[in-house]
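The structure appears below as C-alpha cells.
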Amino acid sequence: MLKYLLLLSISIFAVNSAESDVQELGDNDFESKIADQETTLVMFYAPWCGHCKRLKPEYAKAAELLKDNEDKIILAKVDCTEAGKETCNKFSVSGYPTLKIFRNGEFSKDYNGPREADGIVKYMKAQVGPASREISKLSDFEKFISNKEASIFGFFESDSDLKKTFFKFADKKREKLRFGHTSAKEILDKQGEKDAIYIFRPHHLNSQFEDSFAKFEGSTYSELSDFVAEKIHGLVGHRTRESASDFSHPIIIAYYEVDYVKNNKGTNYWRNRILKVAKEFEELIDSKKIKFAISAKADFQHELNEYGYDFVGVKPVILARDEKNLKYSMKEEFSVENLRNFVNAFLEGELEPYIKSEPLPDSNTAPVKVAVAKNFDELVLNNGKDTLVEFYAPWCGHCKKLTPIYEEVATKLIDEDVVLVKMDATANDVPPQFEVSGFPTLFWLPKDSKDSPVSYRGGREVDDFIKFIAKHATNELKGFDRDGKAKKTEL
C-alpha cells in the first residue's frame, strides 16, 4: 500500500510539475503576457469539457518539452468560463478546446496540428523561423543530427537544382519533418559532399544492422518525397500514434514496452532482435512488399484488443496485416527464429487470418438474421439473395431506435428473395470492403453483385426501406411494385 501511495504521489507531482510550464492567463493579463512572447500557443478551454481533460496532460507534457527550447515557444491556457470570458469572446471561441497561435501578441493562425505531446512540439517548432535551419559549425552539425528526431539535411556548396528541390520540399513538410542545411566548408569536407541530401535517423535508433543515415540519389521533388517516405523510419521504424499513418500495409508490428525516455537500452534490446530478422528481408522492404515496426503496447492497446490481446507481457507480441488489411498473429512465443518463420509464412500466404468473432447464435430464425464474423460470408455474401446489412453498436442510441423499424421491414419481406442482416461491429471484425466509421451503417448488396456493397443513405422509416428495396431488388418483389406500393391480392 505504501509503495502504491508513493508511486501515486510521484505521478501526481510529475503531472503538476509539467502543468506549471503552462501559463494560466485571463482577461487581466492575456494581452500583456503574450505581447512579450515571440510565439505562443493558447488553449481556450472549459473545466467541464471532456476533450479538454484528455488534452490537458498532453498539452502539459508538450510545454515541459518546449520550456528550454531555443525557439522560445510558450504554451498558455485560458479558462473561458471564468477569468478569461472576455478574451474568449474577443477571439470568437465557440467550442472547446480551441487552440490558436499568437506571434508577438497578435493572433497568427488557428492550430490544426496533432493533439499528442510530441506532435504538438514538432508542429510548434515548425512554426518558428525558416523551414530549414542553417548550420555553420561542425559541432552544431553533429549536435543537430544527434537529435531524437530524424533529420533531413542538405549539403550545398553553391546554388543548384537539388538545393531548390530541397527547400521546396522543406517548405511543404516543415510541420512534420525536421530540416537543416549547410554551405560551411568544414562540414562539407567532413561529409565529403558538395551537393547532396541525407536522412539522419534518430540517434537512439542507431544499430549495427543498418546505417544511421541514407543518401538521396534522385533529383526531383517526387523522388525526394518517395525517398523520405521509404527511408526515414529505417528497417524497423518506431511507430507512434503521431506517425502511425506513415506505416502502410503489409506490415509486421512488434508490440511491447517501447519507451525511449525511461528505458532506451531495454527498448533497443528487443528492437535489435527484430532488426536482425528485418535485415534478411531488406530487398522486400525496399520494394514495399513488407514493412517492420515497433509500437508501445500502451499507446496501441486498441489494436491489441482487435487481435484478442488484453495483456502483453515482457516479450513482444507480433501482429501483422496484409495488403487486404486481413490480420495475422504470431502464436508462438517471441524469438528470432519464430519471428523469421512467421514472416516467411506471412509472405507465402500460409497463415490463417485472425478473425474476431462472437460465437455463432444458437438460433437464427428471427426475420432479421444475426451475423457474426464466423458466419458473415454464409449469411451475407453467399446467401444467393439481395441483402441489406446493418452494422451497429450495442450502446448506440440511433441503432436502438432503428431496431423495431428494421425488424418490421424484415417481417414484411419475410417471403421475398431478400434478407435483412445485422452485425455488432464492436464485437466482430468487419470485412475490409465495408467502410464502417459510425453507427448504424447499412449496405445494400444485390445477389448477383456482392463484390461492390452500396452504402444505404436513405430514410430510416419502414416505408423508406420498403421503397428502396422494391426499387433496387434484382427481381421485382412479390408483395410490392417497383415504387414500393403494396400489390393488390386477388381473391
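The values are calculated or read from the model by the stated rules, or taken from the named source; none is laboratory data. Source: prediction; values computed, not measured. Neighbour counts are summed over all protein chains in view; Cβ atoms, including those assigned to glycine, are modelled from backbone coordinates with ideal geometry. Protein only, heavy atoms only, side chains kept; ligands, DNA and RNA dropped before computing areas. Shrake-Rupley method; radii C 1.70, N 1.55, O 1.52, S 1.80 Å.
A compact table of results
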| quantity | calculated |
| --- | --- |
| Region 129-141 residues that are closer than 9 Å to F179 by Cα and modelled with pLDDT under 95, paired with ones that are in a helix (DSSP H, G or I) and open to solvent by 30 Å² or more (accessible area, probe 1.4 Å) (beta carbon under 6 Å, 6 or more apart) | A131/D171 |
| Only one of K291, K279, K231 that is touching a residue at least 24 places away in the same chain (Cβ under 8 Å), within 20 Å of K331 (Cα to Cα) and either open to solvent by 20 Å² or more (accessible area, probe 1.4 Å) or not basic (K, R) (or both) | K291 |
| Matching residues in region 301-321 - criterion: being at pLDDT 95 or above and of a type outside the set (G, A, S) | K315, P316, V317, I318, L319, R321 |
| Residue within region 195-205 that is of a type outside the set (D, E), part of a loop (DSSP other than H, G, I, E, B) and either surrounded by fewer than 17 Cβ atoms within 10 Å (Cβ to Cβ) or touching a Lys or Arg at 6+ places or on another chain (Cβ under 8 Å) (or both) present | yes |
| Among the candidates S146, S222, S158, residue that is at pLDDT 95 or above, small (G, A, S) and in a loop (DSSP other than H, G, I, E, B) | S158 |
| Test: residue in region 79-87 that is under 23 Å from A126 (Cβ atoms), touching a strand residue (DSSP E or B) at 6+ places or on another chain (Cβ under 7 Å) and part of a strand (DSSP E or B) | no |
| Residue list for region 236-276, restricted to those being open to solvent by less than 10 Å² (accessible area, probe 1.4 Å) and out of contact with any Ser or Thr (no Cβ under 6 Å at 6 or more places or on another chain) | V236, G237, I251, I252, A254, Y256, T267, R271, I274 |
| Close pairs (8 angstrom Cβ cut-off, 6 or more residues apart or separate chains): farther than 11 Å from L41 by Cα in region 92-115, modelled with pLDDT of 90 or more and part of a loop (DSSP other than H, G, I, E, B) anywhere | V93/C80; Y96/A46; Y96/C49; Y96/C80; P97/C49 |
| Residue list for region 88-105, restricted to those being more than 30 Å from D259 (Cβ to Cβ) and either at pLDDT below 90 or outside any strand (DSSP E or B) (or both) | C88, N89, K90, F91, S92, V93, S94, G95, Y96, R103, N104, G105 |
| Failed item, numbered, when E332 is tested on (1) in contact (Cβ under 8 Å) with a residue 24 or more places away in the chain; (2) over 22 Å from F434 (Cβ atoms) | (1) |
| Residue check for I318: open to solvent by 60 Å² or more (accessible area, probe 1.4 Å), under 21 Å from E303 (Cβ atoms) and under 26 Å from the mean Cα position of the chain (by Cα) | no |
| Any hit, region 392-411, residues being over 27 Å from L304 (Cβ atoms) and in a strand (DSSP E or B) | no |
